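Step one of this worksheet: look at the structure below.
Throughout, read-outs are computed from the coordinates displayed, never taken from laboratory work. Only a predicted model underlies this, so the values are computations on that prediction, with no experimental measurement involved. As a convention, Cβ positions derive from the backbone with ideal geometry for all residues, glycine included, and neighbour counts pool all protein chains shown.
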Amino acid sequence: MLEGLSTGEKGALITSVGFAVIILMSLIPRLRQIGFSRTAKMALSWILIFGGLIFLVAQWPTIRSALDPASPRMSGEEMLFTAREDGHFYVRGAINGESVLFMVDTGATDIVLTLETAALAGFSRDTLRFDGAAQTANGMVRIAGVRLGELTIGDVTLRDVPASVNEGALNTNLLGMRFLRTLESWRVEGDTLILRP
């Protein structure tokens with residue numbers, strides 16, 4: 001009966017049944033006081049409330065990815081991301097444990113951070129050396145090289161990762177080919193980006 005269910009679904013089902021049994025057992029003494037009909041309604045209400053909460057917890061990864069397309073949906077070993085309205089793919093990751101939003105840019109060689117993200121990752125503007133330059137859609141900009149202690153995207157964690165901080169008016173962090181080349185494969189199918197670690 002449970003063979004077609006995932007581990008999370010089995011856990012949610014077993015927990016739901018356990019809560020239902022506990023609720024029913026706790027209401028048995030009330031049968032004489034308030035009658036069977038009211039007791040059954042009360043039990044059903046509690047079962048629905050707890051069942052709904054357990055369902056939400058079990059389905060949270062799916063719900064989160066639906067609410068935030070930048071969070072990966074897992075399909076076996078692959079991470080799937082849906083394009084946003086602007087046609088770009090955005091990926092939520094973490095630098096040194098801090099949540100960061102990236103735009104995937106196959107035209108960018110490097111992982112490029114905004115000044116705000118660099119500060120969040122522990123690189124204050126005062127300590128950065130903008131001794132490099134990069135050609136962007138807005139012309140030449142100065143960049144500073146940094147090394148990220150830890151970069152995590154879904155199930156992929158890289159350590160001591162070279163990256164650049166853009167001194168210009170960059171609105172979004174870029175996840176360029178430096179990251180994509182660490183994967184076994186990546187591809188785009190329709191409006192879905194598929195990353196295989």
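Descriptive notes on the structure:
- Neighbourhood charge, 15 Å Cβ-Cβ cut-off, centred on G145 and excluding it, Lys, Arg +1 and Asp, Glu -1: +1
- Relative contact order of the range 69-196, defined on C-alpha pairs under 8 angstrom at six or more residues apart (%): 31
- By the count of other C-beta atoms within 10 Å, a proxy for reagent exposure, F179, F55 are ordered fewest to most as F55, F179.
- Cβ crowding within 10 Å ranks D131, D126 as D126, D131, fewest other Cβ atoms first.
- Were the residues from T157 through F130 laid out at 0.36 nm apart, the gain over their Cα-Cα distance would be 7.0 nm.
- Between the listed residues A119, A70, L193, the Cα displaced farthest toward the positive end of the dipole of the range 44-197, a dipole computed from Cβ unit charges relative to the Cα centre, is found at A119.
- Across all Cα atoms of the range 120-181, the radius of gyration (one decimal) and Dmax (whole number) stand at 12.4, 35 Å.
- The length gained by stretching the chain between L44 and T106 to full extension, at 0.36 nm per residue less their Cα-Cα distance, is 17.0 nm.
- Spread of Cα-to-Cα distances over 5 Å intervals beginning at zero, given as percent, for the range 70-197: 2, 11, 21, 25, 19, 13, 7, 2, 0
- Rounded to the nearest 20 debye, dipole of the range 69-196 from Cβ charges on Lys, Arg, Asp, Glu: 200
- Net charge over other residues, Cβ less than 14 angstrom from the Cβ of D160 (K, R count +1; D, E count -1): +2
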